[in-house]
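Enquirer: Please see the structure below; I have some questions.
Just so it is clear, none of the values below were taken in a lab; they were calculated from the coordinates. Since we're looking at a predicted model, the values are computed, not measured. All Cβ positions, glycine included, derive from the backbone under ideal geometry; neighbour counts span all protein chains shown.
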């Protein structure tokens, strides 16, 4: 047996930065119902703690000085610690999402303070965004020196910056902020002249300017196509390099610290994280693509300098391990369950086996173009520790298997992927002689799948859809991305035409809600702007009126990320409630 409190007793590493002979990084943990973090140093042998305020992150050494962010609820401060001196604040703002020392000073992407109680008047489609709330202030680029100078600002977000010598490049959403499309620009810090580098439209996840002045980025120029595969791109020569099956990682984890999107250049090579099936690996490119780290892991963060590479990985057994010459396991007392791999017609699936007589939970991932893989799962191990088998896999539409595979669910939500999920379950049942009953859970698109599945079959004793979708028509107007995401994914040209409305409604679980008999608990973040809580409200109300056992759980202050980085007390409550619901109907 494991308690929710024990499940979250983890230390997670992020923000790696290699210096000469050592690496500095952030360790994040949960204490007294809050997230805490401090900066540490590891030289391959010894781990040293460098800060003690429990609210520090993003360390970086430059010219012998340590920079880092010190944060509180309403502001973030950039701190500079010079040798033999006291730490001093050189800048503050409401948020600092990235900074980079340059020859002109410190370049930083920041956002200004605002009063959240002020009225909001907008003429933009994207006036709110999940985990950011109402977009009263956008991210801008500043140069911090003797005085702070704004370099790029507007009704759009600056998303990344890179510099070498006098040259600066940045990415932003200026050309199409509503659809979150990115371009790369060069900037003259003296004249403030800006010129666009990329052509067409597409996505930019990370940018890099080499010492020779060559521009590279991770992304694509496919417009707003959710299933498009990222590549390593060189816009000045119109070159695209395939990295694994995707030059980004969509491998999911609930380890309460986000993965890093990075592109670094060192000693003649570019370094980035790419995905192959359920593995996320570091790749290098110097004219030839080489996979640097092993398959069967999920690398979440890395840094490299003078040929010395440091990275953080997770595996099904280990939540967070740092490699820098030697491995440093931040949670040596924890060993997660090793999953049994199930393969069905080239599709990956796994089983965490508690006992063949135990009840079973089928978990369905979101996206729909995300993926399960070789990452530690807090929830899966919690369920396994409490006597449940867990089945999870990557059906048609999942990321990490190429664009054709990712496209297979487009226009066919809960079609081929539903058949794959049923096959994963039957394969596990037959191969391991599973005798217990089945329940189903999942979030986001997984929540949509569950809402749709319980209108198709009564084989599950109970269901727990999270941050779910029930009405694809109303989602077009209430989700931060629904106005373009739903039409693209579902093959609807105009969602507000009579034909579009009819198709979206017929594809919606709420359209067939009268067929539901499965006891269902809806789990939602109150401030979810991706799959708004009204989606669960529609389904929940219908089930209650119909007399189907159902419950609605609403977590105050939580976004679409409520299961990954929600308020700690809410995440503990969530695990406890899910376990009780499963036990009520399956044990």
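Enquirer: Compute the Cα gyration tensor for the range 1-156, then decide on rounded, prolate or oblate, letting a ≥ b ≥ c be the square roots of its eigenvalues: rounded whenever a/c is under 1.5, prolate when a/b is larger than b/c in the other cases, and oblate in all that remain.
Expert: Note, shape of the range 1-156 comes out oblate.
Enquirer: So how far apart, in nm, are the two label points at residue 456 and residue 357 if each is 7 Å from Cα heading toward Cβ?
Expert: The modelled label-to-label distance comes out at 3.3 nm.
Enquirer: Nearest 0.05, what FRET efficiency do residue 94 and residue 123 give at R0 = 22 Å with Cβ-Cβ as r?
Expert: On the way: r = 23 Å, r/R0 = 1.06.
Working from the Cβ atoms, E equals 0.40.
Enquirer: Moving on. PRE reach from residue 201 (point 7 Å along Cα→Cβ): which of the range 494-508 fall under 18 Å by backbone N?
Expert: From the range 494-508, the list is 494-496.
Enquirer: I've got another one for you. If you stretched the chain out fully between residue 1 and residue 517, how much longer would it get, using 0.36 nm times the residue separation minus the C-alpha to C-alpha distance?
Expert: Here the segment from residue 1 to residue 517 would lengthen by 182.7 nm.
Enquirer: Fully extended, how many nm does the chain gain between residue 499 and residue 146 (0.36 nm per residue separation, minus their Cα-Cα distance)?
Expert: 121.1 nm
Enquirer: Hey, fewest Cβ within 10 Å first, where do 241, 229 land in order?
Expert: The most exposed by this proxy come first: 241, 229.
Enquirer: Arranged by the count of other C-beta atoms within 10 angstrom, fewest first, what order do 103, 279 take?
Expert: Ordered by Cβ neighbours within 10 Å, fewest first: 103, 279.
Enquirer: Compute the acute angle (0 to 90°) between the alpha-carbon long axis of helix 416-431 and the principal axis of greatest extent of the alpha-carbon atoms of the chain; round to the nearest 10°.
Expert: Tilt of helix 416-431: around 70 degrees.
Enquirer: Relative to the first principal axis of the alpha-carbon coordinates of the chain, what is the inclination of helix 568-586, with its axis defined by its Cα atoms, in degrees from 0 to 90 and to the nearest 10?
Expert: Roughly 20 degrees between the two axes.
Enquirer: Here's another thing I want to ask about it. For the residues 122, 198, 288, 148, what sequence is obtained by ranking on other C-beta atoms within 10 Å, fewest first?
Expert: Ordered by Cβ neighbours within 10 Å, fewest first: 288, 122, 148, 198.
Enquirer: I need to check one value: relative contact order of the range 436-569, counting alpha carbon pairs closer than 8 Å and at least 6 residues apart, in percent. Mind dumping the intermediate values first?
Expert: Working: 264 pairs, mean separation 33.6, N = 134.
Relative contact order of the range 436-569: 25 percent.
Enquirer: Given labels modelled 7 Å from the Cα in the Cβ direction, how far is it in nm from residue 430 to residue 72?
Expert: If labels sit at residue 430 and residue 72, their model points lie 6.2 nm apart.
Enquirer: Pop the C-beta distance of residue 9 and residue 526 into the FRET formula with R0 = 30 Å and round what comes out to the nearest 0.05. Don't jump to the answer; show the numbers that get you there.
Expert: On the way: r = 26 Å, r/R0 = 0.88.
In this case the efficiency is close to 0.70.
Enquirer: So for the range 357-451, averaging the separation of alpha carbon pairs under 8 Å that are six or more residues apart and normalising by length, what relative contact order in percent results?
Expert: Here the relative contact order equals 44 percent.
Enquirer: Next up: Ordered by packing density, taken as the mean number of other Cβ atoms within 10 Å over each peptide's residues, highest first, how do 464-474, 89-99 rank?
Expert: The packing order, highest mean first, is 464-474, 89-99.
Enquirer: If I take every Cα pair under 8 Å that is 6 or more residues apart in the chain, average their sequence separation and divide by the length, what percent do I get for the relative contact order?
Expert: Once normalised by length, the contact order is 10 percent.
Enquirer: Can you tell me the FRET efficiency between residue 239 and residue 103 if r is taken as the Cβ-Cβ distance and R0 is 22 Å, rounded to the nearest 0.05?
Expert: 0.20
Enquirer: According to a simple spin-label model (label point 7 Å from Cα along Cα-to-Cβ), what is the distance in nm between residue 47 and residue 343?
Expert: With each label point 7 Å from Cα toward Cβ, the separation is 3.6 nm.
Enquirer: Here's a follow-up. Whole angstrom only: what separates the Cα centroid of the range 53-130 from the Cα centroid of the range 403-471?
Expert: Centre-to-centre distance over Cα atoms comes out at 42 Å.
Enquirer: Quick one, which of (i) 23.7, 72; (ii) 26.6, 88; (iii) 24.9, 79 is the actual Rg and Dmax of the Cα atoms in Å calculated for this model?
Expert: (i)
Enquirer: Still on this structure, please answer the following. State the three equivalent ellipsoid semi-axes of the range 4-329, derived from the C-alpha gyration tensor as the square roots of 5 times its eigenvalues, in descending order and whole Å.
Expert: The equivalent ellipsoid of the range 4-329 has semi-axes of 28, 26, 22 Å.
Enquirer: Still on this structure, I have one more. Helix 533-546 versus the longest principal axis of the chain: what angle, 0 to 90°, nearest 10, using Cα atoms?
Expert: The answer is roughly 10 degrees.
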